[in-house]
Amino acid sequence: MMLRQLVDYQPPAEETDEGEAARPYSRQRVIRWELNLDREGRFLRIVSLADPSERATKFGVPVVVPNVSRTSGVAPALGVDDAQYVLGWCDSKAKPERVREAHAAFIELTRRWLREFPDDPAARAMVAFYDRNERPALLDEAKSKDLVVVKVAGSRVTDRDSLWTLWEKVVRERKSGGTAGNSQRRGLCLVCGSQAALLDRLPQALPKVLIPRAEQEIALVSANKRIHTYDYAEGLVSSPICVDCGSAAVTNLHAILNGEHSTFTFAGQRSRLIWWATKGVASKTILLLSGKLEEIRDHLHSLASGRPVRRRADTADFQSVTLSGNVARLVVHRWVTMPLAEAEANVDTWFFDHQILARSAEYPSGFPIWLLVLCAGQWQPGDAPNSGRYIQLHDKAADRPDDLAQLLLHSALHGDLLPAYLLAHVVRRVRTDLRIDGPRAALLRVALNRHPLRKGEGPAAVLDEKQDNPAYLYGRLFAVLESLQHRAYPGDELPNATFFHRYFAGAVANPRVALAQGCQLSAAWLKKLDSKARIRNGEASERTEAQRAAKAAYRFRERLRSLHDRLDGPVTPLGDAESQSWFVLGYFHQQAHDIRMARAGKAPEVPVEELTLNETDSNADLPEGNDQQ
């Protein structure tokens, strides 16, 4: 039961606040006005806490204040509330009769504070203020819904322990159907199984900013109308939840949603995935899904080098919930429970299934989820040559599949297969943008490895010399032809319309024309290298370059011959997204392998500088970490 798991939630030790304990039924809200009183309750001034010059305080100062979800009825908070409650201010949009009722209810709750805590100076000062009836007039820039906090003798009343003690009591009375001096509804709690005071409604709601697609504050469990329940009862009669469990479930879910390391949030996505481990256990492996490239690379290198992986000997479980909002209701799309060790093993497998050797890397590496989502969108070239970036996640023109982030997260955490349409989408973006880099190659690889109709072994992380898939060989041959053109015409000698730009987009679907043209043009490119190799006299540098040209021509002839020999039939069109993905990966693998060999001094014929001009696998121009979320 999800509520039971939320009630039992324990934050990891490193996230536990060692300072003041959390106040009951509280929430951080932006306060617009501050009502200042002296010790005797005399009005001093009312101060605006908004500072338009600072973004953080543009509308006021964030303060932890008493908070409880309330419906259309009048239900005052204590010490802090709307201006209509605290000061009786009525603007043009408010109803005077309701404002008078709200203000009277706030005063009565303040008097109760003094009755139950007669020695509290703040309560005594506030009651004295209302007895004097020195209410300040409505300010021009004020609104009835602006929040007002009371400060007595230089200290906010929200710092008083007695205020919070009474507030907890008041909320329990309201939400369990009781009143001051009257008994509360009691019964068997569905969550904890004990006899306790039961709630009519949950005391707090979740802020709409934390739930995608929510239009109002969200109730975790609600039944506002008889038609919503099984037996046509009102409130939570048919779903009995005690006061303690209801408060703990909402408070803990709010903490998880607001946590830095317990949620995956992506702009433009229609749902949100949160996770936690039971018993307060933290998991660095799960956090790698939104980690930095260096952390992922080091983790994979550690696994590949045979270092022992520490698996948990305890019985901690992994919990994940995918949710969204529907007006003021919480929609739970998926709730998964599994052993934490199994979830961590799934994440390791996820990285192994998509890791790739990028053009600029020495070892294969994986990528965070946010970068895989980002690269599925449109590439926007920059003003400068060989520059640009992917359109941001929140931009609707980016052309990304809906809820792609959730598909990848569920696949990483639970081992789910990926939908077949993901391959077609990524291939289309590669052909349209004429861009294939490390993240996109990784996305293609994991989509092939986790394809619902996969046959045989999936693609490897590096160049697979034994792979006989014709589409893969076509892509490799295309990459060798491109390298040959760059080697024959280095730098400014290269024509504006290169072999890649003229033929790559079409070659992905039908490589016959591109490879036929490339093989014809390769004769001229090799002839160009042969002419450079015939220089016998001249400077030492010219003779050295001639020797390099001769070696390059020989090596390219051998590589072209080797690939042609492995193609045992005519070049055929690639009519499905799987074959087209194999072509793109063959092309990328061949280039990445050649560049790595050239940097190691084993492939001097490869023009490394020309082939890496359009590469951003290092992501120097992309935000680090999870900033795109």
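Starting from the stretch 133-153, take each residue that is open to solvent by 80 Å² or more (accessible area, probe 1.4 Å) and list its partners that are among the hydroxyl-bearing types (S, T, Y), counting only C-beta distances under 9 angstrom and pairs at least six apart or across chains.
Close Cβ pairs satisfying both conditions: E141/S48.
If you take the residues in the stretch 399-435 that are open to solvent by 10 Å² or more (accessible area, probe 1.4 Å) and among the aliphatic types (A, V, I, L, M), which one is farthest from L574 (Cα to Cα)?
Applying the filter and picking the extreme gives L407.
Please find, within the stretch 290-320, the residue that is modelled with the highest pLDDT out of those that are open to solvent by 40 Å² or more (accessible area, probe 1.4 Å) and among the β-branched types (V, I, T).
T315
If I ask for residues that are within 10 Å of Q84 (Cα to Cα), in contact (Cβ under 8 Å) with a residue 24 or more places away in the chain and part of a helix (DSSP H, G or I), which ones from the stretch 94-132 would you list?
Result: R98, V99, E101, A102, F106.
Residue-by-condition table, conditions (1) open to solvent by 40 Å² or more (accessible area, probe 1.4 Å); (2) outside the structural domain of M2 (by the TED database); (3) closer than 28 Å to A196 by Cβ:
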{"position": "R213", "(1), (2), (3)": "yes, no, no"}
{"position": "D231", "(1), (2), (3)": "yes, no, yes"}
{"position": "E234", "(1), (2), (3)": "yes, no, yes"}
{"position": "I241", "(1), (2), (3)": "no, no, yes"}
{"position": "L253", "(1), (2), (3)": "no, no, yes"}
{"position": "S271", "(1), (2), (3)": "no, yes, no"}
{"position": "W275", "(1), (2), (3)": "no, yes, no"}
{"position": "T285", "(1), (2), (3)": "no, yes, no"}
{"position": "L288", "(1), (2), (3)": "no, yes, no"}
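Output the number of residues of the stretch 170-198 satisfying the condition of being under 40 Å from the mean Cα position of the chain (by Cα), at pLDDT 90 or above and either acidic (D, E) or exposed (fewer than 14 other Cβ atoms within 10 Å of the Cβ) (or both).
Residues that pass the stated criteria total 3.
Just to be sure, is K279 more than 21 Å from the chain's Cα centre (by Cα), open to solvent by 10 Å² or more (accessible area, probe 1.4 Å) and not assigned by the TED database to the domain that holds T432?
Details: more than 21 Å from the chain's Cα centre (by Cα): yes; open to solvent by 10 Å² or more (accessible area, probe 1.4 Å): yes; not assigned by the TED database to the domain that holds T432: yes.
So K279 passes the test.
Would you check which residues across the stretch 377-409 are in a loop (DSSP other than H, G, I, E, B) and within 17 Å of V426 (Cβ to Cβ) and list them?
The answer is G377, Q378, I391, L393, D399, R400, P401, D402, D403.
Conditions tested, residue by residue: (1) closer than 19 Å to G415 by Cα; (2) within 17 Å of the chain's Cα centre (by Cα).
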{"position": "S324", "(1), (2)": "no, yes"}
{"position": "V327", "(1), (2)": "no, no"}
{"position": "P339", "(1), (2)": "yes, no"}
{"position": "F351", "(1), (2)": "yes, no"}
{"position": "I391", "(1), (2)": "no, yes"}
{"position": "D395", "(1), (2)": "no, yes"}
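Test R555 against the stated conditions and say whether it is at negative phi, within 49 Å of the chain's Cα centre (by Cα) and without any contact (Cβ under 8 Å) to a residue 60 or more places away in the chain.
Considered against the rule, which asks whether it is at negative phi, within 49 Å of the chain's Cα centre (by Cα) and without any contact (Cβ under 8 Å) to a residue 60 or more places away in the chain, R555 comes out as yes.
Would you pick out the residues in the stretch 39-70 that are farther than 15 Å from R29 by Cβ, touching a Lys or Arg at 6+ places or on another chain (Cβ under 8 Å) and assigned to a loop (DSSP other than H, G, I, E, B)?
The answer is G41, R42, D51, P52.
Kindly evaluate A223 against the criterion of being surrounded by 18 or more Cβ atoms within 10 Å (Cβ to Cβ), in contact with a Lys or Arg (Cβ under 9 Å, 6 or more places away or on another chain), free of Cβ contacts under 8 Å to residues at least 60 places away in the same chain and farther than 30 Å from N36 by Cα.
yes
Identify all residues within the stretch 577-607 that are open to solvent by less than 30 Å² (accessible area, probe 1.4 Å) and over 30 Å from L418 (Cβ atoms); write none if there are none.
A598, A603, E605, V606, P607
The values are calculated or read from the model by the stated rules, or taken from the named source; none is laboratory data. Computed from a prediction, not measured in an experiment: that's the story for all the values here. Positions of Cβ are backbone-derived with ideal geometry, glycine not excepted, and every protein chain shown enters the neighbour counts. Heads up: the accessible areas ignore ligands, DNA and RNA and are worked out on the full protein's heavy atoms, side chains in. Shrake-Rupley method; radii C 1.70, N 1.55, O 1.52, S 1.80 Å.
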